[in-house]
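In what follows, a single structure is set out as structure tokens and then discussed.
Values in this text are rule-based calculations from the coordinates and carry no lab data. Predicted, not measured: the structure shown is a model, and the values here were computed from it. Here the Cβ positions follow ideal geometry from the backbone for every residue, glycine too, while neighbour counts run over all protein chains shown.
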Amino acid sequence: MQIRDAHDTLTVHNADVSDARFTNAKLRGASFDDVDLQRAAFINVNLSNATFADVNLTNVSIKSANLTGTKINGVPVYDMIQAYESRARSAGGSAS
């Protein structure tokens, strides 16, 4: 199924749309509840001001990300990285 040049609200409920592709799509304000995104890839995606609650981030890899203002459980990610790097330096190791 293809949806092109549409500007309507899409509601998907109790459906299997595995391997779906979204390219140059605006999902601003979209809501995902009880959704399985295992092995999903997010490339060149704007997730600013998004909220993640009750999520499983096991084995998630984040690369080349702008983490400005990002918090996990209320703790700024920047502070976590700084603490990690400081601890690695104190132990005489590398933080990479």
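General remarks:
- Here the stretch 28-81 is assigned +1 on the Cβ of each Lys and Arg and -1 on the Cβ of each Asp and Glu. Its dipole about the Cα centre then comes out at about 260 debye.
- Taking each DSSP H run with n ≥ 4 as -39500 (n - 2.57) and averaging over every residue of the chain yields -4500 deg cm²/dmol at 222 nm.
- Inter-label distance for T68 and Q82, nm, one decimal - labels placed 7 Å from Cα along Cα-to-Cβ: 1.7 nm
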